[in-house]
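The values are calculated or read from the model by the stated rules, or taken from the named source; none is laboratory data. Since this is a predicted model, take the numbers as computed values, not measurements. Glycine gets a Cβ as well: all are built from the backbone with ideal geometry, and neighbour counts include every protein chain shown.
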Amino acid sequence: MAKMLIGSRIRERREAAGLRQSEVARRAGISASYLNLIEHNRRGIAGKVLLNIASVLDFEVSSLGDAAADELLRNLKIAAAGADPAVETERTEELIGRFPGWAGLIAGLGEKVRHLEHSVSALSDRLAHDPLLAESLHAMLSSVTAIHATSGILAQSEKMEQLQQRRFQNNIHQESARLSDLSRQLVGYFDRLSADQGKLSTPMDEVDAVLTAAGFYFPELERGDEAAVTRQMAAFDAAISNPARLILIAVLEQAAADIAALPLAEFVDAARVDGDSTAALAARFNCLQPTIYRRLAFLPPDTGLPGFGLIACDATGAVLLRKPLPGFTLPRYGAGCGLWPLYQAMSQPHVPMVALLQTTEARMFRAEAIASYLDPAAARTQPVLRSVMLFRSAAGGAASPGLQPVEVGPSCRICPRQACPARREPSIMADA
């Protein structure tokens, strides 16, 4: 929880209760001037003082949490990492409390900078390893070398038969034409790269943006006919690249297959009874658990069921699909937390892993994951592994009896748990 932001929320609760500052301070056992500093986010608050104020204003301390503010705080600290000269990160909470608009702007600019850096890195890697570019440059160098060698022979030979001379001239003409064609192709290639600069950096980014805008719900697919995927693509009305379109179609085709196996009304009724046991749902509908995971994550918002998040990856840890939840950050680029069951499940394919995850903001989430081979028959020769993790809020210990909390984070780079046994790189954030 962002400690300095608590003051603003305390002020809101006091004003809503119609109490004067002096009255609350007296009943909480502190001075009115100290409470004034707290409410204006100029003094921290914790321990007995916080409990006393919560008692006076009749609210739970945990209710002061704000997922949006915590996310803003995290993004500001990421934006400040590596700044030269260094910025006053110890006053980040004060910045959010006093100037929320500026704080949001700075965090947004930081996100844009990270996005552009990722784009530059992707383009640099593409230029360094692109086979088309390498082949074109090699062909151009070959043509230039041939022209140079042939013209050198002509320049040094004072006496040469006319037929032989014409042959050399034809060689120069052919290589020049080839060089011209290669140059035009290369210019066209760079023009396409330039045209793509205004777009999202990767096809997965484009797919993520479309799914987020749709709320991860596909109403056209629920109709269940053969043209459902085509209609849903048209309903998205998104200008995306061809690679992104292919990925999105694959996501929709998988979702359509899940819907066919798990009809909406029947599945929702069953989930209201057995929603805490995906294994029971899988047995009831005679399907695999990843199918249950995806169906739960992509249900319409008006079912009355809790919201589910989902993340899928391959054996390298590359994210294939992501649906975040408030308070549970999923990585856009790179891997997540090594303690998530998403990764642990890959050590035991087809065995479900269940865990109670405690985030760095002390929020609880129940998560379960399972890894499976795309083709079990080829598991020994071509073991293509996919892992899927489903998660939901477990506030108050809901749906998590007997599970001990596992302290996790979003990813090592932005996780404040310095002593974590799974840490693979230093954190840019202070210890929690």
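The set of residues in the stretch 21-61 being of a type in the set (D, E, K, R) and touching a residue at least 40 places away in the same chain (Cβ under 8 Å) consists of Arg42, Asp58.
One line per residue, one yes/no per condition, for (1) over 22 Å from Ala149 (Cβ atoms); (2) at pLDDT below 80; (3) small (Gly, Ala, Ser):
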| position | (1), (2), (3) |
| --- | --- |
| Ile172 | no, no, no |
| Gln197 | yes, yes, no |
| Glu206 | yes, no, no |
| Gly215 | yes, no, yes |
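Among residues of the stretch 267-291 that are in the same structural domain as Gly402 (by TED's automatic domain parsing), those with a Cβ under 8 angstrom from a residue that is outside any helix (DSSP H, G or I) and among the polar types (S, T, N, Q), sequence gap 6+ or separate chain, pair up as Val268/Thr303; Ala271/Thr303; Leu288/Ser372; Pro290/Ser372.
Contact annotation: residue pairs with Cβ atoms under 6 Å, 6 or more positions apart or on different chains, pairing a residue in the stretch 245-261 that is at pLDDT below 95 with a partner that is basic (Lys, Arg) and surrounded by 15 or more Cβ atoms within 10 Å (Cβ to Cβ), are Asp258/Arg294; Asp258/Arg295. For Phe267, the test of being modelled with pLDDT of 85 or more, outside any helix (DSSP H, G or I) and more than 30 Å from Ala134 (Cβ to Cβ) is failed.
When you scan the stretch 86-167 for helices (runs of 4 or more DSSP H) that lie fully inside it, which ones turn up with 3 or more residues that are at pLDDT 85 or above, exposed (fewer than 15 other Cβ atoms within 10 Å of the Cβ) and of a type in the set (A, V, I, L, M, F, W, C)? Explain how you work it out, then say what you get.
Numbers: elements: 92-98, 100-129, 131-156.
Helices (runs of 4 or more DSSP H) meeting the threshold: 100-129, 131-156.
Would it be correct to say that Gly317 is farther than 30 Å from Cys415 by Cα, out of contact with any Ser or Thr (no Cβ under 6 Å at 6 or more places or on another chain), in a loop (DSSP other than H, G, I, E, B) and among the small types (Gly, Ala, Ser)? For Gly317, the condition - farther than 30 Å from Cys415 by Cα, out of contact with any Ser or Thr (no Cβ under 6 Å at 6 or more places or on another chain), in a loop (DSSP other than H, G, I, E, B) and among the small types (Gly, Ala, Ser) - is not met. Looking at the structure I just gave you, is Leu342 surrounded by fewer than 20 Cβ atoms within 10 Å (Cβ to Cβ), out of contact with any helix residue (DSSP H, G or I) (no Cβ under 8 Å at 6 or more places or on another chain) and of a type in the set (A, V, I, L, M)? In short, no.
Here Asp191 passes the criteria (1) closer than 30 Å to Leu246 by Cβ; (2) at pLDDT 85 or above except the one numbered (2). Identification of strands (runs of 3 or more DSSP E) wholly contained in the stretch 339-420 with 1 or more residues that are touching a residue at least 60 places away in the same chain (Cβ under 8 Å) and over 18 Å from the mean Cα position of the chain (by Cα) yields 364-373, 385-393, 405-407. If you go through the stretch 209-255 and pick out every residue that is out of contact with any strand residue (DSSP E or B) (no Cβ under 9 Å at 6 or more places or on another chain), closer than 16 Å to Leu296 by Cβ and surrounded by 18 or more Cβ atoms within 10 Å (Cβ to Cβ), you end up with 3.
With respect to the conditions (1) farther than 20 Å from Ala139 by Cα; (2) surrounded by fewer than 14 Cβ atoms within 10 Å (Cβ to Cβ), Asn170 falls short on a single one, namely (1).
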